[in-house]
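Okay, structure first, notes after.
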Protein chains: 4
Amino acid sequence: MLVVMHRQATAEQIDAVVAAIRRMNLTAHPMPGATRTAIGITGNISAVDPRSLEVLPGVEELLRVTKPYKLASREMHAADTYVRLPLTPDPSPQRGEGRKTPPHPQPLSPEAGERGEEVVIGPGSFTLIAGPCSVENEEMILRTADFLVSKGVHLMRAGAFKPRSSPYSFQGMGLEGLDILARARQRTGIGVVTELMDTDNADAVEQAADIIQIGTRNMQNFSLLKRVARTSKPVLLKRGLSATLEEWLMAAEYVMAGGNYNVILCERGVRTFSDHSRNTLDLSVIPPVKHLSHLPILVDPSHGTGKRDYVPAMALAALAAGADGLLIEVHPDPDRALSDGAQSLDFAGFGRLLDSLRRLAEPLGRTIN
Amino acid sequence: MLVVMHRQATAEQIDAVVAAIRRMNLTAHPMPGATRTAIGITGNISAVDPRSLEVLPGVEELLRVTKPYKLASREMHAADTYVRLPLTPDPSPQRGEGRKTPPHPQPLSPEAGERGEEVVIGPGSFTLIAGPCSVENEEMILRTADFLVSKGVHLMRAGAFKPRSSPYSFQGMGLEGLDILARARQRTGIGVVTELMDTDNADAVEQAADIIQIGTRNMQNFSLLKRVARTSKPVLLKRGLSATLEEWLMAAEYVMAGGNYNVILCERGVRTFSDHSRNTLDLSVIPPVKHLSHLPILVDPSHGTGKRDYVPAMALAALAAGADGLLIEVHPDPDRALSDGAQSLDFAGFGRLLDSLRRLAEPLGRTIN
Amino acid sequence: MLVVMHRQATAEQIDAVVAAIRRMNLTAHPMPGATRTAIGITGNISAVDPRSLEVLPGVEELLRVTKPYKLASREMHAADTYVRLPLTPDPSPQRGEGRKTPPHPQPLSPEAGERGEEVVIGPGSFTLIAGPCSVENEEMILRTADFLVSKGVHLMRAGAFKPRSSPYSFQGMGLEGLDILARARQRTGIGVVTELMDTDNADAVEQAADIIQIGTRNMQNFSLLKRVARTSKPVLLKRGLSATLEEWLMAAEYVMAGGNYNVILCERGVRTFSDHSRNTLDLSVIPPVKHLSHLPILVDPSHGTGKRDYVPAMALAALAAGADGLLIEVHPDPDRALSDGAQSLDFAGFGRLLDSLRRLAEPLGRTIN
Amino acid sequence: MLVVMHRQATAEQIDAVVAAIRRMNLTAHPMPGATRTAIGITGNISAVDPRSLEVLPGVEELLRVTKPYKLASREMHAADTYVRLPLTPDPSPQRGEGRKTPPHPQPLSPEAGERGEEVVIGPGSFTLIAGPCSVENEEMILRTADFLVSKGVHLMRAGAFKPRSSPYSFQGMGLEGLDILARARQRTGIGVVTELMDTDNADAVEQAADIIQIGTRNMQNFSLLKRVARTSKPVLLKRGLSATLEEWLMAAEYVMAGGNYNVILCERGVRTFSDHSRNTLDLSVIPPVKHLSHLPILVDPSHGTGKRDYVPAMALAALAAGADGLLIEVHPDPDRALSDGAQSLDFAGFGRLLDSLRRLAEPLGRTIN
């Protein structure tokens, strides 16, 4: 932290700032310069409101130096985080029959469990999480799960609870949707990624999901972050529509500070003046995320662009840019989807994209999983 | 809604779009033009995903015409909404003694109740809601409440639950903070405006508050919006950091669709590239809000600017621009505040601003309350 | 300037940074802290690329402390700048008759010149510059000038050269438009504010204008800024669509560094995600401009909002927020205007706004001129 | 174009709008709907100010349908544009010896000219334009040119005229810099891409450059666009900091409407709230550019990120996303560069990136040139 004094600041004003810093049990380092004095601050400043010194007489501005996040920071944890998901179907009973959350996720498929296989999200691999925007009925979920498994995709996304900007739009199937996902998981062995919107449904979603998704609009829903910090499942944390990288990592910090270290970031487009796509997909955030944090990062090109024709180009670009995988919308019949059909690929389109991704992964030394 | 066909679209493609529209039980109005055909759509299109037609062959783009909000719209409700709060202390017992939510708010002060007085938020008046960012202890809340009452201010803001970007920052006093607010309300007769962050604390906040605040980061927390739609208290709905006017009115629509028509909008700055202030206070949203909606709108110049020196100018501008009041941070000792001290006025500064507002209100035909 | 070292930076890396700073003839102030070292830099750092140190091994980031603008800064020039325009008609001959630029502007009206009157732009007064977007013909300019003079307005805006986003739109009348403005000026004594788009027409515009306008899209047209720095007329510098306050003041610095100190800033809306108005009028920039600079600032509510119905509210708000005046579009028949009719007031609307501004100016201690 | 009437609009108001449309020699298509009437407009509406109808009584809003750009549009010109540059040194004499602009560019290298070789910018290939931010002296330009030629790169970027936000920063070597570029071109056969900042230097830059660059800050400098429309050289048009895709294509339209059809677009990052990189590189603009226009598009990852460590990832992503090439900063000694050193690669870093690009190009079916 650095306090920059005004050019006309008096010696008394400088002394007063130094004294204020000392009262905070911090160390002040005055630096007289050609035109003004700056005062460096060292010590444990995480508890200080960066703006409380700014209002003292003679202070021009206050610059923060250290990052406010710790657990999410690569400085504190140099090695990359790998989030591991065992490949075995969920043996837990259906809802209504005494479903309990196991302390550790069970392998997604029996054979894989025996062979000790798992999906690993992190550098080196490139993980695909594909599926429809929302659970619409059991048939379409099973068709999608079967298709994905046939293509070697291990994780399916689908929302049972849907955040919709209009109260008059389809709000998701709710608990019934979770049951459908559980049956698809049991039948096909596919892992389930689904969104949690509120603390009321946290137990049910934790039970149903292999990865719990926190949506864009809830990135700073701190009560919800504290709640998922106490679950046994990894958390997929989407970037807020106008979140800076620091705010995003601070949201991850909330989850990690509560004891859940399995956080997966997901870039899905930010809001800018630009109107050629639904959002502005910020692939340029990938290198700084990798520099500042050890957490894996996925990209959602479906929400990022909002148009299915633009999805494949952005999916390939995400791979080339160093992302650790994709969250991508695939639907058996996108033109009849209840939500977000315009940005969903159909099965054929997804198959073609998968081929392209595999060809591109090789020279990059990456493995699609 | 208007479907714009591609310049080279075939007659078959146009027919297919017309057929698709009819399958939705809507009416299609083809308009052949010099270079392309456009197809108007009329009927009840609120249930249609605006992008589902966009992916049909030959379609260039799809333009939406009607607004998606109804209850919040001035078209549906031409007269201005006035939110009325009776001036009488809360006669309800303290927490732990069987606190119950009265079906209608009680007058804030006994005399006012007898005289039938009330605070009215809406055009013609200019309502001040002032107070500290957070409840820090009972003494500072009582001092602030006494001060505000002495200045003729009827509503106090103060957060018991605080959304903080860092998990290591002060998170508010919680239920204890609500109790402090209830005592201040009982002693001074001041109305209480306080934030609700999650459904878990909805009953407690509804009990303590005269107005329930929904914060910026929760503007699209739809579970929370549905919950406050069922409370008996007016809702102050802050604009999201990157919310369009339409999204903001849709969030209000969530509350109103659930049966709570007493929604007060609050502009508090949006996020842009601009870095001279904490956020970019968007006073220019006031005229369009008044044009499109009948709901009252307040302005929060404290969060909007982030610096106390800039607050008075923006407070006066908000009045001149046609806002219905202010949400403004006042603290007995801002330089020692636990949060947001840098943007809080002290008592003397608030007093000076109040004088300026009163002078300015007169030629505008407005009454400060 | 402050160099923040990486947490794991070695002593050698720190020494290397200190040495690099010394090679730039600057002074290094190392500050070892609890978790990392920061190195303050003092001396004449205006010539240093702030990012050249950032790439040295062990450097985490580089924070700039001093402002890059000098002449535009209030620190260097504490007193407010007042731009003064004498009130006398331009006695210079018409174009084609040997027009010359006088070293100092002549009074705009003969009587005023005798009485030593002038328009003063700066704190205390509130200056209106009104008129049509573009010069369309002589008749409408003379009508507008007569109307404005009758209302006590001393300065008229009108573009002879128009920056249009489409090459197929009306591009302005050019030199013929300047001649029309000169005749209006001579006949009515009104001062002329008109835009210069390129160096080719600099002499002609300097001759015709009492104030030379630099448009939004040219705020960082540095060749043009250097050219107007050599003119004898004040420069009205509109803020760029996505200019930070620092960039804007640096553009003013270009003009001042070339010797022209009469710079008037003009906020006219910035580009954000927000879509309820043509641009987002950033009234919140006014207090920081006044804090950081001594230059006067006007507000253009016409471009800021893009809709005439929203103009009066923003004009009043600009006055209340502390702006030094308005640049505002007025047209004899806005619905038939060749450009920007939708955001222009008609004469009656402008008259009503003027009355409101006068009523509001009084309690603010300001004089409309 | 579509006029949407207010819900309460009267039949007279609708008739008045229809009449206004007819007075413009356009055809009106009224569409009465369940809750309101919309009026479609067909005919040649390019000359109409879209907002002039919006102010008529009863009109709610006006929606534009057709795109304002024609020559830049893929609808008007379905085939991709390929910009072709012959590979031969410029045989024209040096400046001061009667330099003339040849009507068509000469091959860049003698052998290539004999063999009829050329650089082709457009789909299928991936063209690299590399070099320092600015011409600093002859030695570094020659070293860079030799290095690039040795790597098979045919085009070098380097600025003789530099747009700098501070008047106190290095402004480029000017005409002397152009001479240095001409000598490098003659000696090595490398093609030259250099920026034109104003019409005064248009002849000199046209003479020196194989491609004339129009910088970000001049994207809407319409006088400059009209001037380069009259040159014989292709124009590289950088996207403005806050330009929408439509505005960008309209700027290209200015150049094409003046007769120069060889326009190359270049995405270089836009300005958003995001602060993790210098700008927000908008790779997602590539698919819409390819959809809406036939012009080639390059990506500048150096300005896009502002940090050399982030450049390779974004360069690879640009290739994968479908860009037609890169504009990229390479410097013999970036840490001593006079400008933008922090975002420049050194020779070794560029060599490594080139290897990666070549490996990635193959599965994409692209050829690096």
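So that you can scan it fast, the table gives a plain yes or no per residue for (1) within 13 Å of chain B (Cβ to nearest Cβ); (2) over 19 Å from B:Pro163 (Cβ atoms):
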position: A:Ala182; (1), (2): no, yes
position: A:Thr188; (1), (2): no, yes
position: A:Glu195; (1), (2): yes, yes
position: A:Lys233; (1), (2): no, yes
position: A:Arg239; (1), (2): yes, no
position: A:Gly269; (1), (2): yes, yes
position: A:Phe273; (1), (2): yes, yes
position: A:Thr280; (1), (2): yes, yes
Among the residues of segment A:197-212, which ones are in contact (Cβ under 8 Å) with a residue 40 or more places away in the chain and within 16 Å of A:Lys162 (Cβ to Cβ)? A:Asn201, A:Ala204, A:Val205, A:Ala208
Looking only at segment B:226-247, which residues are out of contact with any strand residue (DSSP E or B) (no Cβ under 7 Å at 6 or more places or on another chain) and either assigned to a helix (DSSP H, G or I) or open to solvent by less than 10 Å² (accessible area, probe 1.4 Å) (or both)? B:Lys226, B:Arg227, B:Ala229, B:Gly240, B:Ala243, B:Leu245, B:Glu246, B:Glu247
For segment B:225-275, name all the residues that are in contact with a Leu (Cβ under 7 Å, 6 or more places away or on another chain), more than 21 Å from B:Leu327 (Cα to Cα) and not small (Gly, Ala, Ser). B:Glu253, B:Tyr254, B:Met256
Please count how many residues of segment B:261-292 are more than 26 Å from C:Glu246 (Cβ to Cβ) and open to solvent by less than 10 Å² (accessible area, probe 1.4 Å). 7
Return a yes/no flag: does segment D:31-50 have any residue that is touching a helix residue (DSSP H, G or I) at 6+ places or on another chain (Cβ under 8 Å), surrounded by fewer than 21 Cβ atoms within 10 Å (Cβ to Cβ), at pLDDT below 85 and in a loop (DSSP other than H, G, I, E, B). yes
Test for B:Val311: is it away from chain A (no Cβ under 14 Å), among the β-branched types (Val, Ile, Thr) and in a helix (DSSP H, G or I): no
So which residues in segment D:244-280 are over 12 Å from the mean Cα position of the chain (by Cα) and hydrophobic (A, V, I, L, M, F, W, C)? D:Met256, D:Ala257, D:Val270, D:Phe273
I'm trying to understand the selection: among the residues of segment B:1-42, which are of a type in the set (Asp, Glu) and in contact with a strand residue (DSSP E or B) (Cβ under 7 Å, 6 or more places away or on another chain)? none
Those residues of segment B:232-260 that are out of contact with any His (no Cβ under 9 Å at 6 or more places or on another chain) and under 19 Å from B:Pro123 (Cα atoms) come to a total of 6
Among (1) of a type outside the set (Val, Ile, Thr); (2) within 19 Å of B:Ala317 (Cβ to Cβ); (3) open to solvent by less than 10 Å² (accessible area, probe 1.4 Å); (4) touching a strand residue (DSSP E or B) at 6+ places or on another chain (Cβ under 6 Å), C:Leu295 falls short only on (2)
Taking segment B:324-348 as the region of interest, how many residues are open to solvent by 40 Å² or more (accessible area, probe 1.4 Å), modelled with pLDDT of 95 or more and in a loop (DSSP other than H, G, I, E, B)? 1
With the condition kept exactly as written, say whether any residue in segment B:282-291 is modelled with pLDDT of 95 or more and more than 22 Å from C:Ser302 (Cα to Cα). no
Any idea how many residues of segment C:338-369 are in contact with a strand residue (DSSP E or B) (Cβ under 8 Å, 6 or more places away or on another chain), touching a residue at least 60 places away in the same chain (Cβ under 8 Å) and not β-branched (Val, Ile, Thr)? 12
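Per-residue answers, yes or no, for (1) under 21 Å from A:Arg164 (Cα atoms); (2) within 12 Å of chain B (Cβ to nearest Cβ):
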| residue | (1), (2) |
| --- | --- |
| A:Val289 | no, no |
| A:Leu292 | no, no |
| A:Leu316 | no, no |
| A:Asp324 | no, no |
| A:Ile328 | yes, no |
| A:Asp335 | yes, yes |
| A:Asp346 | no, yes |
| A:Gly349 | no, yes |
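Just a yes or no: is a residue in segment C:65-73 within 14 Å of chain D (Cβ to nearest Cβ), at pLDDT below 70 and open to solvent by 20 Å² or more (accessible area, probe 1.4 Å)?
Scanning segment C:65-73, I find at least one residue that is within 14 Å of chain D (Cβ to nearest Cβ), at pLDDT below 70 and open to solvent by 20 Å² or more (accessible area, probe 1.4 Å), so the answer is yes.
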Could you please find all residues in segment D:1-24 being open to solvent by 60 Å² or more (accessible area, probe 1.4 Å) and facing another protein chain (nearest Cβ under 9 Å)? D:Arg7, D:Gln8
Which residue is nearest to C:Thr144 (Cα to Cα), if the candidates are limited to segment C:349-364 and must be open to solvent by 60 Å² or more (accessible area, probe 1.4 Å) and not acidic (Asp, Glu)? C:Arg352
Every residue in segment A:294-308 that is over 14 Å from the mean Cα position of the chain (by Cα) and more than 7 Å from chain D (Cβ to nearest Cβ), please. A:Ser302, A:Gly306, A:Lys307, A:Arg308
Residue identified as over 24 Å from D:Met314 (Cβ atoms), surrounded by 24 or more Cβ atoms within 10 Å (Cβ to Cβ) and away from chain C (no Cβ under 14 Å) among D:Ile212, D:Ile129: D:Ile212
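The values are calculated or read from the model by the stated rules, or taken from the named source; none is laboratory data. What you see is a predicted model; the values in this text were computed from it and never measured. Here Cβ is always computed from backbone atoms with ideal geometry, including for glycine, and neighbour counts include all displayed protein chains. All accessible areas refer to the heavy atoms of the entire protein, side chains included, with ligands and DNA or RNA removed. Shrake-Rupley method; radii C 1.70, N 1.55, O 1.52, S 1.80 Å.
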